[in-house]
Amino acid sequence: MLSRDLLRDDPERVRQALALRNAEPALLDEWLRLDAERRTDLVEVEELKRQRNEASRAIGKVKQQGGDASAEIAAVGRMKERIEELEARLAALDPEMAAIELTLPNLPHASVPAGKDEAANRVERTVGTPRRFDFAPKAHWDLGPALGILDFERGAKVAGARFTAYFGAGARLERALINFMLDLHTREHGYTEVLPPFIVSRESLVGTGQLPKFEQDLFHLEGTNYYLAPTAEVPLTNLHRDETLDEERLPIRYVAYTPCFRSEAGSYGKDVRGLIRQHQFNKVELVHLTAQETSYDALAELTGNAEKVLQLLGLPYRVITLSTGDMGFGAAKTHDIEVWLPGQDAYREISSCSNCEDFQARRANLRYRPKEGGKTKLLHTLNGSGLAVGRTLVAVLENYQEEDGTIVIPEALRPWTGGLEKIVPSK
């Protein structure tokens, strides 16, 4: 959420940023109108209260002298009615303004490339060379069923489209990837592992920015205040909601595995085959809570931690900086990591690492006390996949396939697969 001081004092900066984010400036105009009305009403209320106090003192003097104060009493009554009318309006204005504030996206960092969509994204680096195959590589939606480890039809039978059942070595590989990532981030990168709730409250989703704007993308548990978590970013960031932390505790770095649930309401007809866009998928998430001055160093660190997974697995990838028009709602800057998928002859997103600066912290009331004293400050929050597990499994299947359809397990992953070195067709 953007600060009211920014909206009020520098509306042109906000207007220009909204244009870069493909957001509707009319919402800002409406907010400014309501704010002007609110300030006018506040001035009138304070003036009427001053006049009422003076009139009340005058009435007291008239009565002490035995005079008739009926006219003054009537005037005070009219003032009281007007004050009550204005205060009722002020009480209604604040939630109207807050509702608009919750729908305005974050402002992009100055280093973010300007552009309307993904065409303006900037490639920062490409790591690894895609493998040259002596045969036509297959996509995972062909490899998995042929090996008997992925069953899209039975997943759909149980729950519907965009759900998948894993069998045998497929289930083992998914579990191995989760443990591999958690152990890497906790043992080598210094994260604290958390096992958070997989169901979150409406307040938590407002805190991280999924609500109220993206309600259609969520699975709501009917008749309750609860939703299935769309990402572990939500519970992890909200662990310290409404808290003020000492700066000495920072940075706080959490890692968590959770299943994630998304309705994919806006993606009809997109990525309908395979595991790329599912309603339920597993993810290992990284979250940082930092001081304001160090958050962009933390973004580089977080992105590097996610990259390390791909480096150890020997998977080619590239890092891109998203343009202003392609970034997520709450991000000030985002690095996407895209892994090479030979079966699709394309790089596909496997992690999105974002610095939200104080956007989420203002919504969730996340603060810290500076070491040097003074006023408390809003934390900066960051999040990123470390990694999306299903998409990592896709990358392993497609990059490590053999001509006979078997899959070689990357050497770095074998300690987590119980000695499994190759996936062969199940009997």
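The values are calculated or read from the model by the stated rules, or taken from the named source; none is laboratory data. Just so it is clear, the model here is predicted, and its values are computed rather than measured. Heads up, the Cβs are rebuilt from the backbone with ideal geometry, glycines too, and the neighbour counts pull from every protein chain shown. The accessibility values were calculated without ligands, DNA or RNA, using every heavy atom of the protein model including side chains. Shrake-Rupley method; radii C 1.70, N 1.55, O 1.52, S 1.80 Å.
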**Message:** Please enumerate, by chain and number, the lysines with C-alpha under 28 Å from the C-alpha of LYS377, excluding those fewer than 8 residues away in the same chain.
**Reply:** LYS213, LYS333
**Message:** Restricting to bridges with both residues inside the chain, how much of the DSSP beta-bridge set is antiparallel, in percent to the nearest 5?
**Reply:** 90
**Message:** What's the ranking of 98-107, 416-425 by average number of surrounding C-beta atoms within 10 Å, highest first?
**Reply:** 98-107, 416-425
**Asked** What figure in square angstrom, to the nearest 10, would you give for the accessible area of GLU243 with a 1.4 Å probe?
**Response** 70
**Request:** Of the options THR40, SER323, ALA156, report the single residue whose Cα projects farthest towards the positive end of the charge dipole of the chain (beta-carbon charges: Lys, Arg +1; Asp, Glu -1).
**Result:** ALA156
**Fill in**
Using a 1.4 Å probe on heavy atoms of the protein chains only, the accessible area for ASP404 in Å², nearest 10, reads 110
**Item:** In range of the label at ARG50: residues from region 86-101 whose backbone nitrogen is under 16 Å from the point 7 Å along Cα→Cβ
**Value:** none
**Message:** If you fit an axis through the alpha-carbon atoms of helix 295-313 and take the longest principal axis of the Cα set of the chain, what angle between them do you get, 0 to 90°, nearest 10?
**Reply:** 20
**Asked** At a Förster distance of 22 Å, what's the computed FRET efficiency of ALA300 paired with ALA110, Cβ-Cβ distance as r, to 0.05?
**Response** 0.85
**Complete:** Computed over the chain: longest principal axis from alpha-carbon atoms vs helix 26-64 long axis, angle to nearest 10 degrees, is 30
**Mean-position separation - Cα centroids, region 344-402 and region 89-103, in angstrom** = 30
**Item:** Inter-label distance, nm, simple model (7 Å from Cα along the C-beta direction), ALA36/GLU96
**Value:** 1.4
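Provide the per residue accessible area, probe 1.4 Å, for region 1-108, rounded to a whole number of square angstrom. Each step should come with its number before you reach the end.
Numbers: 6150 Å² over 108 residues.
So region 1-108 comes to 57 Å² accessible per residue, rounded to a whole number.
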**Asked** With axes computed from alpha carbons, what is the tilt in degrees of helix 70-101 against the longest principal axis of the chain, rounded to the nearest 10 within 0 to 90?
**Response** 10
**Complete:** With every protein chain kept in place and a 1.4 Å probe, the residues GLU203, GLU349 fall, from largest accessible area down, as GLU203, GLU349
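Normalised by the residues of the chain, what does the relative contact order come to in percent, with Cα pairs under 8 Å and at least six apart?
Relative contact order here is 20 percent.
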**Complete:** In the chain, taking the dipole from +1 charges on Lys and Arg beta carbons and -1 charges on Asp and Glu beta carbons about the Cα centre, the listed residue (ALA256, LEU20, TYR296) farthest towards the positive end is ALA256
**FRET efficiency, ARG82 to THR126 (Cβ-Cβ, R0 60 Å, nearest 0.05)** = 0.35
**Asked** Hey, rough spin-label estimate for PHE198 and GLU12, points 7 angstrom out along Cα→Cβ, what's it come to in nanometres?
**Response** 5.2
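If the chain between ASN365 and LYS63 were fully stretched, how many nm would it gain, using 0.36 nm times the residue separation less the Cα-Cα distance?
Working: separation 302, 0.36 × 302 = 108.72 nm, distance 5.11 nm.
Once the chain is fully extended between ASN365 and LYS63, it gains 103.6 nm.
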**Request:** Let me have the 222 nm mean residue ellipticity of the chain computed from DSSP H runs of 4+ only, each contributing -39500 (n - 2.57), with the sum over all residues rounded to the nearest 500.
**Result:** -13000 deg cm²/dmol
**Asked** Between GLU222 and VAL272, what is the spin-label point distance in nm, taking each point 7 Å from the Cα along the Cα→C-beta axis?
**Response** 2.6
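Accessible area of the chain with a 1.4 Å probe: how many percent of it is carbon plus sulfur? Walk me through the numbers before you get to the answer.
Numbers: 9910 of 20090 Å².
After summing per-atom areas, the C and S share lands at 49 percent.
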